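Have a look at the structure below, then the notes.
The values are calculated or read from the model by the stated rules, or taken from the named source; none is laboratory data. All figures in this text were calculated on a predicted structure; none of them were measured in a lab. Reconstructed Cβ throughout: ideal geometry from the backbone, glycine too, with neighbour counts over all protein chains shown. The accessibility values were calculated without ligands, DNA or RNA, using every heavy atom of the protein model including side chains. Shrake-Rupley method; radii C 1.70, N 1.55, O 1.52, S 1.80 Å.
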Amino acid sequence: MAGRRRGAVARRRRAARLKVLAVGGGVVLVLLVVFWSAVWPYLTGASVLGGVGAAGWWLWRTDRLVRGRDRLWQQEEAVKAGHRTLAEVDAMTGTEFEELVASLCRRDGCTQVRRVGGANDNGADVVGRLPDGRTMVIQCKRYAPNSTIASRELRDLLGAKVHFGADLAVFVTTTRFSRPSEKFALQHGILAVHRDHLGLWNNGASLPSLSEVNGQGQGDSRHRTRWKQAYGK
């Protein structure tokens, strides 16, 4: 009996609340109709502000997603570079090696990087801009480790630098430079990235940082002897 009374009381309370809400809603509706000319500018302004806020939030969220994907891509490329051995680089085709060099440039923050190697490439394989804005032209040579780069190949790169109007010329190879070619590179401001420096670059060192050790790293006579023993020349 007491339970029925409590249920009846609860139903009456719900009905009373619904009645109050209906009356309140009706009053608000009447007020909107009566004072529409005074209220509509505020409602319109609130709608516009809400739309602008929603659009701003969507743009902010989209920007965060794009930046997040870009950071993830850079991290994945860095991991891939760190796991890529020079033996795997030796097995690449010339085009794959050029693509590798281009991807390492992008990893380091270079912009407008594109591969231009192929027929009638005017002595360049990759062009782009360094992080500081300077333009660069890169020649890539995936040669056997027991070969050497001759001076004439660096002279071709100088011609490409003039042709493209680049600020910096870079020569990247999987082998070493001869003594005359190394000297030629230093005399003409060419960044000469030999096999040892390519290994550093591949494992995370930045391209601009290699300029600080340009002309170094090919070692003394004992190093060259070990090189010949390792690569058969």
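Where helices (runs of 4 or more DSSP H) fall entirely within segment 156-218, those with at least 2 residues that are within 20 Å of Ala144 (Cα to Cα) are at 179-187, 195-202. Looking across segment 154-178, the residues that are farther than 21 Å from Val113 by Cα, touching a strand residue (DSSP E or B) at 6+ places or on another chain (Cβ under 9 Å) and either open to solvent by 10 Å² or more (accessible area, probe 1.4 Å) or modelled with pLDDT of 95 or more (or both) come down to Arg176, Ser178.
Here Lys228 clears all of (1) out of contact with any strand residue (DSSP E or B) (no Cβ under 9 Å at 6 or more places or on another chain); (2) surrounded by 13 or more Cβ atoms within 10 Å (Cβ to Cβ); (3) assigned to a helix (DSSP H, G or I); (4) at pLDDT below 90 except the condition numbered (2).
For the condition of a type outside the set (Lys, Arg) and touching a Pro at 6+ places or on another chain (Cβ under 6 Å), what is the one hit in Thr175, Thr148? None of the others qualify; the one that does is Thr175. Considering Ala119, Ala81, the condition of being closer than 25 Å to Ala166 by Cβ, modelled with pLDDT under 75 and either within 14 Å of the chain's Cα centre (by Cα) or part of a helix (DSSP H, G or I) (or both) is satisfied by Ala81 alone. Residues in segment 183-201 that are under 22 Å from the mean Cα position of the chain (by Cα) and surrounded by fewer than 20 Cβ atoms within 10 Å (Cβ to Cβ): Gly199, Leu200.
Residue-level check: of (1) touching a residue at least 24 places away in the same chain (Cβ under 8 Å); (2) not in a loop (DSSP other than H, G, I, E, B), Tyr143 misses just (2).
For (1) of a type outside the set (Lys, Arg); (2) over 19 Å from Thr174 (Cβ atoms); (3) surrounded by 15 or more Cβ atoms within 10 Å (Cβ to Cβ); (4) out of contact with any Phe, Trp or Tyr (no Cβ under 9 Å at 6 or more places or on another chain), each residue gets a yes or a no:
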| site | (1), (2), (3), (4) |
| --- | --- |
| Gly94 | yes, no, no, yes |
| Glu99 | yes, no, yes, yes |
| Leu104 | yes, no, yes, no |
| Ile138 | yes, no, yes, no |
| Arg142 | no, no, yes, no |
